[in-house]
Amino acid sequence: MSDSCCCNCGEETPSYDFKSHWDKAYVKTPIDKLGWYEDNPEASLKLISACNLPKDALIFNAGAGATTLIGEVLKKGYTNIVVNDISEKALNELKLNLSANNQNNVRFIVDDLTNPVSLLNLKNVDLWHDRAVLHFFTTQQQQNAYFDLLRNAVKVGGYVILAEFNLEGAKKCSGLEVFNYNEKMLQERLGTDFELVEFFNYTYIQPSGNTREYVYTLFKRVA
Ligand SMILES: C[S@@+](CC[C@H](N)C(=O)[O-])C[C@H]1O[C@@H](n2cnc3c(N)ncnc32)[C@H](O)[C@@H]1O
């Protein structure tokens, strides 16, 4: 792929105001037509299952949007889930899709992963999950803030799943530039306190039928 956008929205890269950009994306397009919508988040579920976590493990989904993953994780019996997004509109959509009963097992935090406030209180995370969020952070400052937050939140013995556009992947998504990764680059950013457990490249099929190339990684915090 050259520099085409992930969702064929035809947008130019705007001056980056994360919040209004993403609020607009979730208002403008039905959830199941978004260029990152997954009917079955099978790759994430495979890696979550490999962690073999107890059902009360603290699972944090960074930049969750309105992902179907939360419903799937609840179906598997997990009871201690924290979801975050910068877009309140995205999290409202997610809430609408969860039953009232299920919502008791989920906490919602609207905050910016690159300039966190409430998220600074997040500790003892057993599993940090990010699909298609980190790759939007293109500056060193944003990336440093993200990884500082992750290190502050994930406990020793905890896991990290990072699923981002790989080096062959799209260079834009939702009209925004992205920073592409492979497993080695993610290992470098996490440092030696984290060990790579498993990784694979994965071709995601968008609702439009187009494909996007991801790398899925699972790390364990060892120190
Ligand atoms: C491509 S979507 C992926 C959503 C979800 N992870 C999924 O797989 O369906 C990127 C998400 O990251 C969120 N996001 C972007 N920048 C963010 C930031 N600085 N802090 C928190 N969330 C952010 C967006 O609102 C959006 O929901």
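Brief remarks on what is shown
- Rounded, prolate or oblate (a/c below 1.5 giving rounded, otherwise prolate when a/b exceeds b/c) for the chain by Cα gyration tensor: rounded
- Computed extension gain for LYS95 through ARG151, at 0.36 nm per residue and net of the alpha carbon distance, reaches 17.4 nm.
- Here the peptides 42-48, 117-123, 83-89, 193-199 are ranked by packing, the mean other Cβ count within 10 Å, and the order with the highest first is 83-89, 42-48, 193-199, 117-123.
- Modelled spin-label separation between THR211 and GLU198, with each label point placed 7 Å from Cα along the Cα-to-Cβ direction: 2.2 nm.
- Secondary-structure-derived ellipticity at 222 nm for the chain, considering helices only, amounts to -8000 deg cm²/dmol, per-run term -39500 (n - 2.57) for DSSP H runs with n ≥ 4.
- Out-of-range pairs (alpha-carbon distance over 20 Å; input LYS28/LYS172; LYS33/LYS55; LYS46/LYS172; LYS55/LYS89; LYS172/LYS220): LYS33/LYS55; LYS46/LYS172; LYS55/LYS89; LYS172/LYS220
- When you count the other C-beta atoms within 10 angstrom of each residue and take the mean per peptide, 139-145, 174-180 line up highest first as 174-180, 139-145.
- Nearest-20 debye value, the stretch 18-221 charge dipole, Cβ charges on Lys, Arg, Asp, Glu: 260
- Simple spin-label estimate for LYS28 and ALA50 gives 3.5 nm between the two label positions (7 Å along the Cα-to-Cβ direction from each Cα).
- Over the chain, relative contact order from alpha-carbon pairs under 8 Å, at least 6 apart, %: 24
- Under 19 Å from the ASN121 label point (7 Å along Cα→beta-carbon), backbone N, the stretch 82-111: 82-88, 104-111
Each reported figure results from applying straightforward, stated rules to the coordinates on display, with no laboratory input. Given the structure is predicted, the values throughout are model-derived calculations rather than measurements. Because the Cβ atoms are built from the backbone with ideal geometry, glycine has one as well, and the counts that use them run over all protein chains shown.
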